[in-house]
Amino acid sequence: MLSVLANRTFRHLFAALIIALLGTGLATVALGLLAWQLAGENAGLVMGTALAIKMIAYVTLAPIAAAFAERLPRRAFLVALDLTRAGVVLFLPFVTEVWQIYVLIFFLQAASAGFTPAFQATIPDVLPDERDYTKALSLLRLAEDLEQLLSPMLAAALLTVVSFPVLFGGTVVGFVGSAILVVTVLLPAQSSSDPGQFWASTTKGIRIYLSTPRLRGLMVMEMAVAAAGAMVYVNTVVLVQADLGLGAPQVALAFAAFGGGSIVAAFLLPRILEKIADRPVMITGAGVMVAGVVLTPLVTDLPGLMVLWGTVGFGFSLTQTPIGRILNRSAREQDRPAVFAAQFALSHAAWLVTYPLAGWLGATFGMDIAACGLALIGAVAMTAVIRLWPQLDPIELTHNHSELPSDHPHLRGHEPGHRHAFVIDGLHRRWPPARA
């Protein structure tokens with residue numbers, strides 16, 4: 001897995017991601033403390049609203065940002081968004097009203113909605129070999145999981161010597177450091193996008209998504225993942241403190257178990273994906289997550305919950321790590337930013353539904369009903385994935401172009417019915433049936 005760090009460009013981009021992730025983790029802790037300072041016992045409501053704003057920004061703005069990304073130099077775009085995020089965070093220590101948090105969070109997440117898909121779409125251009133790209137995806141997954149473990153520990157250590165507003169300074173340093181590291185490398189030139197109206201570029205990723213069977217399956221799979229994941233992220237604190245009668249340190253251990261399971265899967269996946277196709281690996285991962293949530297009512301102690309959450313985390317990584325491979329093979333190089341942005345928006349739309357649903361079910365009917373309800377949603381979504389994402393899913397497809405004249409450049413050297421790696425684009429607007 002670590003061999004891809006020999007590539008200088010990827011090494012710098014990976015370091016930029018780690019620094020930015022640590023900064024974001026510090027901001028998460030500091031934001032919770034700021035909400036408590038301003039709202040007291042209503043801090044949970046403030047954080048919940050801020051999380052909803054984050055998801056809304058991701059869902060609505062990622063496709064628009066992708067359209068801008070197609071028209072701007074890649075490196076300058078990433079650096080500008082990093083500096084924008086740093087600038088927004090600079091204002092957070094000076095907030096005196098709750099509504100100011102909401103405004104700043106919206107602008108911060110708007111910049112992230114542009115940065116994250118553009119960053120993700122850059123990696124396959126830096127590492128065009130699929131084996132290297134798979135290793136990079138596992139390494140990026142590992143970095144995100146480790147951030148969830150290390151950022152709270154770093155924040156706790158810093159809070160022993162400084163007050164919480166200083167943590168926002170660490171976030172600024174993270175984003176500025178990320179920008180500096182991006183500046184130090186030459187990124188592969190972005191392929192010229194097709195000429196057209198801005199609105200067409202904004203909706204292009206969604207249109208490609210809805211027209212590609214494997215991507216339609218992936219979109220529904222995100223609902224299964226979000227249903228199971230929301231049970232972990234939203235209700236762990238209730239399971240540990242209310243149902244098991246334990247404290248905050250045990251909540252941290254439960255989350256650590258989830259992250260640990262994900263890390264184990266990230267280490268194993270490069271070898272697994274050399275032998276097994278993405279579809280069965282990802283469907284298995286979603287099934288593991290759903291099964292883990294179904295078993296939640298049987299948990300009676302912390303070790304049992306940690307084993308269960310570790311298993312769910314393992315399944316989470318199985319479903320999330322290969323996504324870049326699927327997107328990479330489902331779009332032309334110049335369309336990748338739009339498709340990555342569509343994935344970013346649609347996946348967060350699923351979380352926008354399941355986050356509040358998990359909280360409402362738990363608060364209204366209890367944890368057992370919440371687990372069963374979310375597991376049912378996940379099971380229905382998995383059934384739909386199996387139907388939407390064909391088991392026979394070759395890269396190359398035989399298809400016809402009856403609408404094109406025989407002398408069209410695309411048909412030169414081919415019969416009217418020809419075969420090549422098929423993706424949705426201006427010449428291929430409908431997915432043909434797969435034939436061996």
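The values are calculated or read from the model by the stated rules, or taken from the named source; none is laboratory data. Keep in mind the model is a prediction, meaning the values are calculated, not measured. When we count neighbours, we look across all protein chains shown, and the Cβ atoms used for this are built from the backbone with ideal geometry, even at glycine.
Side notes on the structure shown:
- Leading residue by the ranking (nearest to residue 184 (Cα to Cα)) among those in region 62-72 that are of a type outside the set (D, E, K, R) and touching a residue at least 60 places away in the same chain (Cβ under 8 Å): 69
- Whichever residue in region 327-344 is surrounded by fewer than 22 Cβ atoms within 10 Å (Cβ to Cβ) and not polar (S, T, N, Q) and, among such residues, is farthest from residue 432 (Cα to Cα): 333
- Yes/no for residue 91 being without any contact (Cβ under 8 Å) to a residue 24 or more places away in the chain, assigned by TED's automatic domain parsing to the domain that holds residue 178 and of a type outside the set (Lys, Arg): yes
- Any hit, region 6-14, residues being surrounded by fewer than 22 Cβ atoms within 10 Å (Cβ to Cβ), modelled with pLDDT under 85 and of a type in the set (Lys, Arg): no
- Any hit, region 326-336, residues being under 19 Å from residue 227 (Cβ atoms), at pLDDT 85 or above and in contact with a helix residue (DSSP H, G or I) (Cβ under 7 Å, 6 or more places away or on another chain): no
Quick grid of which residues meet (1) modelled with pLDDT of 85 or more; (2) surrounded by fewer than 21 Cβ atoms within 10 Å (Cβ to Cβ); (3) in contact with a helix residue (DSSP H, G or I) (Cβ under 9 Å, 6 or more places away or on another chain); (4) within 22 Å of residue 11 (Cα to Cα):
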{"residue": "143", "(1), (2), (3), (4)": "no, yes, yes, yes"}
{"residue": "165", "(1), (2), (3), (4)": "no, yes, yes, no"}
{"residue": "175", "(1), (2), (3), (4)": "yes, no, yes, yes"}
{"residue": "178", "(1), (2), (3), (4)": "yes, no, yes, yes"}
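- Any hit, region 267-286, residues being touching a Lys or Arg at 6+ places or on another chain (Cβ under 7 Å), outside the structural domain of residue 133 (by TED's automatic domain parsing) and either assigned to a helix (DSSP H, G or I) or touching a residue at least 24 places away in the same chain (Cβ under 8 Å) (or both): yes
- Every condition in (1) touching a Lys or Arg at 6+ places or on another chain (Cβ under 7 Å); (2) over 30 Å from residue 299 (Cα atoms) holds for residue 317 except the one numbered (2).
- Scanning region 241-255 for any residue that is in the same structural domain as residue 317 (by TED's automatic domain parsing) and either at pLDDT 90 or above or touching a Pro at 6+ places or on another chain (Cβ under 9 Å) (or both) turns up at least one such residue.
- For beta carbons closer than 8 Å, sequence separation of 6+ or different chains, a first residue in region 389-401 that is closer than 16 Å to residue 278 by Cβ and a second that is of a type outside the set (A, V, I, L, M, F, W, C) and part of a loop (DSSP other than H, G, I, E, B), the qualifying pairs are 395/329.
- The condition of being more than 25 Å from residue 393 (Cα to Cα), surrounded by fewer than 22 Cβ atoms within 10 Å (Cβ to Cβ) and either of a type outside the set (Ser, Thr, Tyr) or out of contact with any His (no Cβ under 9 Å at 6 or more places or on another chain) (or both) holds for residue 295.
- The residue that is modelled with the lowest pLDDT, counting only those in region 148-163 that are surrounded by 15 or more Cβ atoms within 10 Å (Cβ to Cβ) and either of a type outside the set (Gly, Ala, Ser) or under 19 Å from residue 80 (Cβ atoms) (or both), is 152.
- From the options 230, 256, residue that is assigned to a helix (DSSP H, G or I) and over 18 Å from residue 355 (Cβ atoms): 256
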